[in-house]
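Single-structure report; data block below.
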There are 2 protein chains.
Amino acid sequence: MERSSRRPRVAGGDPVVPPVAAPESRGERKERTRRAILDATLELCEDSSLVALSLRQVTKGVGIVPTAFYRHFDSIEDLGLALVEESFASLREMLRDVRRSDPTYQNIIDSSVKVLGEHVHSQHDHFAFIARERVAGPPAVRAAIRHQIELVERELAADLARLTDPEYWSTEDLQVLSNMIVTSMVGTTEAILSARPEAEQAIAEQARTQLRMVLVGALHWRSTGLG
Amino acid sequence: MERSSRRPRVAGGDPVVPPVAAPESRGERKERTRRAILDATLELCEDSSLVALSLRQVTKGVGIVPTAFYRHFDSIEDLGLALVEESFASLREMLRDVRRSDPTYQNIIDSSVKVLGEHVHSQHDHFAFIARERVAGPPAVRAAIRHQIELVERELAADLARLTDPEYWSTEDLQVLSNMIVTSMVGTTEAILSARPEAEQAIAEQARTQLRMVLVGALHWRSTGLG
DNA sequence: AGTTTGAGTGAACAGGTGTTCACTCAAATC
DNA sequence: GATTTGAGTGAACACCTGTTCACTCAAACT
């Protein structure tokens, strides 16, 4: 047991840098442990779910004793809510990138799908967390994710309002269209996350085609219905 | 302990009918216990996931001893695969109902959404199981569900092939369209399952509008793209 | 009638679970 | 320099976990 220092290990492996060399303030150290808990949890529940994850698994992954967990979170569910916030911070960063979309791409669809693909990889754990816990997490976590997605849908509907003719597009229709686009993008995300890498090109192509189909529908839409 | 008979209790509560009055064959009894395990599992993992469900919880729910479980399934994962088969039997029954759609409804969309709503309620546990375990179940269960959904998508694409002009609709486009419709219906199912009952009317209306939008897109689609 | 089969039992195992408690000891405050 | 604060420790608790084993005893087969 003489190996275990008082300082948390922070991740699965042992620190490469001499642990003594870091003069940390109290707050810095607490924040570092907190981060380590969040990161370890994202990794550990990757192929199961928060509801199947035990407090002791998390603390073992971090390299702290079970009791230390309570200095940071009340429960796994509480931890989950923190991860929802963090994950949606990633997602909103992506939306920011989508909005000021790369001018080298000629249209919105290509650049959106490109940005989605990039972020799903660079923020893989966050996107996987949302996709899973959205339907399988603890009730409070599910509710929090649903709420966040609803906010995103409303934002997208507001964006779309600026691009469409209010004569033909009612607020309700825009909300419905926005929901469909978000649902489709959630589906694309799930597909990327659970596919072999070589299939990703095809998934992206499918996502583009779907958005094009929806766009064709939108261009011919009349609020009055199919007429 | 004198209350506990040798016969399994079959569900949460105690049997109302005198348990002695049933002369069962060996096979009948085994099948009854198997059903009880399947039913108890569907109930128990309703608000968590298979991965968070223990073998002992299941057997306690059924009213049998943990060891008896192994007479029916190798593991919880094995049980999960049986539930996938059973749940997709429900889903395919729904698809059958959709195909010979109610002639009192004038179009496919209205009747399809109606049938979906009905089946999501009458087979609530099966649909909830698929929706959850699709993303959060044990790997083998996830794979099985993905495979089944892929089959459904291909069937739908074949149906659509009969309704569209092959001049404008390539096989690939039909597959993509089918994927979008299925994704949208999965989204609608999730929405119904996690919404308060009074919101269901609005969800159905949204589902109809989305299908109408897609249909408008389909009617104006050219395989060559947006032109 | 006698034998085999197999669904269900109950005890035991080694180990994992959340939570409590009194504790250390270094940073932060006085 | 003395005191307070609080992140982390380690033992202990009562309970739950999957799996094993030898067993019962009624239905099914010979």
With N set to the residue count of region B:114-176, report its C-alpha Rg divided by 2.2 N^0.38 Å to two decimal places. 1.41
Sites matching GluC sites (Glu not before Pro) across region A:19-92 that sit in DSSP coil, with at most 16 neighbouring C-beta atoms within 10 Å: A:Glu24, A:Glu46
With springs only between Cα atoms under 10 Å, which of A:Leu95, A:Leu215, A:Leu44 fluctuates most in a Gaussian network model of chain A? A:Leu215
Kirkwood hydrodynamic radius (Cα pairs, Å) of the protein assembly as shown? 24.6 Å
Label point 7 Å beyond Cα along the C-beta direction, distances from A:Leu151 to other copies (nm, shortest first): 4.2
Can you give me the relative contact order of region B:76-227 as a percent, contacts being Cα pairs under 8 Å and 6 or more apart? 26 percent
Among the complete DSSP H segments of chain B, which ones combine at least 24 Å of alpha-carbon extent along their axis with a mean Kyte-Doolittle hydropathy of -1.0 or more? B:76-99, B:139-163, B:171-193, B:200-219
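Largest first and in whole Å, give the semi-axes of region B:76-192's equivalent ellipsoid, each being the square root of 5 times a Cα gyration tensor eigenvalue.
26, 18, 11
Counting each DSSP H run of 4 or more residues in chain A as -39500 (n - 2.57), what helix-only mean residue ellipticity at 222 nm follows after dividing by all residues, to the nearest 500 deg cm²/dmol?
Details: 8 runs with 147 residues, N = 227.
One gets -22000 deg cm²/dmol as the mean residue ellipticity at 222 nm.
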For A:Met213, B:Met180, what ranking results if the residue with the fewest other Cβ atoms within 10 Å of its Cβ goes first? A:Met213, B:Met180
From the Cα centre of region A:21-55 to that of region A:171-227, the distance in Å is 35 Å
Of the options A:Leu116, A:Val98, A:Cys45, report the single residue whose Cα projects farthest towards the positive end of the charge dipole of chain A (beta-carbon charges: Lys, Arg +1; Asp, Glu -1). A:Cys45
Please give the average number of partner chain Cβ atoms lying within 10 Å of the Cβ of each residue in B:190-197, rounded to a whole number. 2
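About the Cα centre of chain A, what is the dipole size in debye to 20, counting +1 per Lys and Arg Cβ and -1 per Asp and Glu Cβ, all else neutral?
Values: 28 positive and 33 negative charges, 167 e Å.
That gives a dipole near 800 debye.
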Counted neighbours (other Cβ, 10 Å), sorted fewest up, put B:Ser54, A:Ser90 in the order B:Ser54, A:Ser90
Computed Kirkwood radius, in angstrom, where 1/r is averaged over Cα pairs of chain A: 20.0 Å
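Here, each number is a calculation from the coordinates, and none is a lab measurement. Predicted model, so just to flag it, every value in this text is computed and none were measured. Cβ coordinates were reconstructed from backbone atoms using ideal geometry, including for glycine residues, and neighbour counts include every protein chain displayed.
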